[in-house]
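Report on the following structure.
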């Protein structure tokens, strides 16, 4: 069985590790991957009757006298092995006919033997969880992505050809259906009740050797990796051993309830092994996605119509906010729900329906999980004042840009940053819309902290310390007034606005 691990190195502390999604035999997906825009198919509009248990009975510790078999044994039959096969390319059976030596004899016209083609097939293994006795199975999208054939194998050694009901690459969820009844299932728990330190068990089929259970605790909740794994990230982090082939498997609690779908690990530079840092999709998110796929054939998400970024300590200080956290509005989509409700560029969203917003990732998840047409209550910070706004969400466009997260990090002062006037010719070269004005970054000293902050040639500076910049004179005046203090820039790049804080260069 072939195995390949694709790894993506992350910034800072993640320079020595890689994030890998756990599929054996195919490509172990890692980092930001472009997925098909729409592979969902209508599941018939039937609601999956799930067995939710929000108030499980107290755990009888006497049952654990000799271990945890009373929890794990009933769960094992509901975890299945998933084998998917796809054609990855066409390979010529007789490549020597392409050699110029043979071309001279055939005059460039190959006979029928040269036309013989043989498909090369790629197989991958993963896991899945039966959540409905009539054959509905939850797994990861990357387990079955691009598959022509999907086979489900149960603990009782029965095999079924699975039908793909639909997928959601944005959360890495896929829903399968097999033609069977009276199947063993797992009770669906409530992942919102999880606390750091809760004991959990990971069940899957690593390396295709059969159902395997490992034990650990919840190491963190609401974990996000800045889009390195999925677009919408709200992971349960656990130290329960998760290995290749566990993707799509079950994360259960002490009650035996399903509280997550195993998805990814952080592994060392050589990749592949468990390092005690695993991630699972919370079951509340997974079930919501599954039900939408079954009901509508796709996931319909709420749309706020803003571009957002994290509020770093430097950004908080520049905006006069006494604490970090929240999501900074870098741009507002004209005509979108946020614009209609008076949300402005530079607002910091602190609360969403009464819940604190920790960062941009959390706001993205909150918005995506709210149905279009819902009126949400936001608490925002604007120019030293806390305001409240009610916004009725729209429907996320098919391009997925309803709440667009942008990275912005601390930077340096304006030293090493050269700008020039934005002429009509330059605006045309940069493909800028007529409404964009400012000055253009012409050069960035690679040794400056501006370069380290990510300022790029071609960026358009629109504001300096909240002051609009329309020409070189206004930019120079604003830059001079900044003195030795930090500078807040609003730049325009590739169709989006972005705030960047620059500290005085040492």
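Tabulated values for the structure
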item	result
Residue match in region 183-204 (condition: modelled with pLDDT under 95, more than 30 Å from residue 359 (Cβ to Cβ) and surrounded by fewer than 16 Cβ atoms within 10 Å (Cβ to Cβ))	no
Count of region 401-424 residues which are modelled with pLDDT of 50 or more, surrounded by fewer than 15 Cβ atoms within 10 Å (Cβ to Cβ) and closer than 19 Å to residue 460 by Cβ	5
Number of positions in region 256-294 that are part of a loop (DSSP other than H, G, I, E, B), modelled with pLDDT of 85 or more and touching a strand residue (DSSP E or B) at 6+ places or on another chain (Cβ under 8 Å)	2
From 377, 323, residue being modelled with pLDDT of 90 or more, more than 21 Å from the chain's Cα centre (by Cα), surrounded by fewer than 21 Cβ atoms within 10 Å (Cβ to Cβ) and over 21 Å from residue 285 (Cβ atoms)	377
Hits in region 349-368 (condition: in contact with a helix residue (DSSP H, G or I) (Cβ under 8 Å, 6 or more places away or on another chain) and either surrounded by fewer than 16 Cβ atoms within 10 Å (Cβ to Cβ) or outside the structural domain of residue 392 (by TED's automatic domain parsing) (or both))	353, 355
Evaluation of residue 398 against (1) surrounded by fewer than 17 Cβ atoms within 10 Å (Cβ to Cβ); (2) in contact with a helix residue (DSSP H, G or I) (Cβ under 9 Å, 6 or more places away or on another chain); (3) at pLDDT below 80 (one fails), failing number	(2)
Any hit, region 205-218, residues being surrounded by fewer than 19 Cβ atoms within 10 Å (Cβ to Cβ), more than 30 Å from residue 152 (Cα to Cα) and at pLDDT 85 or above	no
Any chance residue 432 is in a strand (DSSP E or B), closer than 22 Å to residue 306 by Cβ and under 36 Å from the mean Cα position of the chain (by Cα)	no
Residues being in contact with a strand residue (DSSP E or B) (Cβ under 8 Å, 6 or more places away or on another chain) and surrounded by fewer than 20 Cβ atoms within 10 Å (Cβ to Cβ) - total across region 295-315	4
Residue satisfying condition, being closer than 22 Å to residue 71 by Cβ, part of a strand (DSSP E or B) and within 19 Å of the chain's Cα centre (by Cα), within set 167, 221	221
Residues satisfying the stated conditions in region 479-504, i.e. at pLDDT 80 or above and either surrounded by fewer than 18 Cβ atoms within 10 Å (Cβ to Cβ) or part of a helix (DSSP H, G or I) (or both)	493, 494, 495, 496
Residue list for region 237-255, restricted to those being in a strand (DSSP E or B) and under 18 Å from residue 143 (Cβ atoms)	250, 251
Residue check for residue 230: at pLDDT below 90, surrounded by 20 or more Cβ atoms within 10 Å (Cβ to Cβ) and under 30 Å from residue 397 (Cβ atoms)	yes
When residues of region 451-478 are limited to those that are surrounded by 19 or more Cβ atoms within 10 Å (Cβ to Cβ) and farther than 20 Å from residue 427 by Cβ, the one modelled with the highest pLDDT	478
Cβ-Cβ under 7 Å pairs, at least 6 apart or on other chains, region 153-172 side in the same structural domain as residue 234 (by TED's automatic domain parsing) and over 19 Å from residue 287 (Cβ atoms), far side modelled with pLDDT under 90 and assigned to a loop (DSSP other than H, G, I, E, B)	155/211
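The values are calculated or read from the model by the stated rules, or taken from the named source; none is laboratory data. This structure is a prediction, so every number in the text was calculated from the model and none was measured. Cβ coordinates were reconstructed from backbone atoms using ideal geometry, including for glycine residues, and neighbour counts include every protein chain displayed.
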